[in-house]
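*Asks:* Following this message is one structure expressed as structure tokens.
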């Protein structure tokens, strides 16, 4: 197993349980791809604004904070369409794969 791949990592769980389906569909939709790119840029900016580099740890930390905020607001994925939160989660999955943090 390559360094940085952890079965219990929240990024791995999210990518496995949630990201695979949306990311496959995103490649067929230029509009969705553009939205994911914008969300990825916002996540990168947020991490870097805190003075950190994008790493498995910083992205997982961002994910935990984002999910805590979603839970506090009572959000849950209905599976019907791509709301703002779903797009942000898909962008996090995409980033985790692009950076090599998950397979």
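Values quoted throughout were computed directly from the atomic coordinates according to the rules given, and no laboratory measurement underlies them. The shown structure was predicted, so the numbers you read here are calculated from the model rather than taken from an experiment. Virtual Cβ from ideal backbone geometry, glycine too; neighbours counted across all protein chains shown.
*Asks:* Between residue 38 and residue 77, what FRET efficiency comes out of the Förster formula 1/(1 + (r/R0)^6) with R0 = 30 Å and r the beta carbon distance, rounded to 0.05?
*Replies:* With R0 = 30 Å, the Cβ-Cβ based efficiency is 0.95.
*Asks:* Can you tell me the FRET efficiency between residue 61 and residue 29 if r is taken as the Cβ-Cβ distance and R0 is 25 Å, rounded to the nearest 0.05?
*Replies:* 0.25
*Asks:* Need the full-extension length gain, residue 103 to residue 53, defined as separation in residues times 0.36 nm minus the C-alpha distance. One decimal, nm.
*Replies:* 16.0 nm
*Asks:* Also: Two decimals is fine: what's Rg over Rh for segment 53-103, C-alpha atoms, Kirkwood radius as Rh?
*Replies:* When Rh is taken as the Kirkwood radius, the ratio is 1.00.
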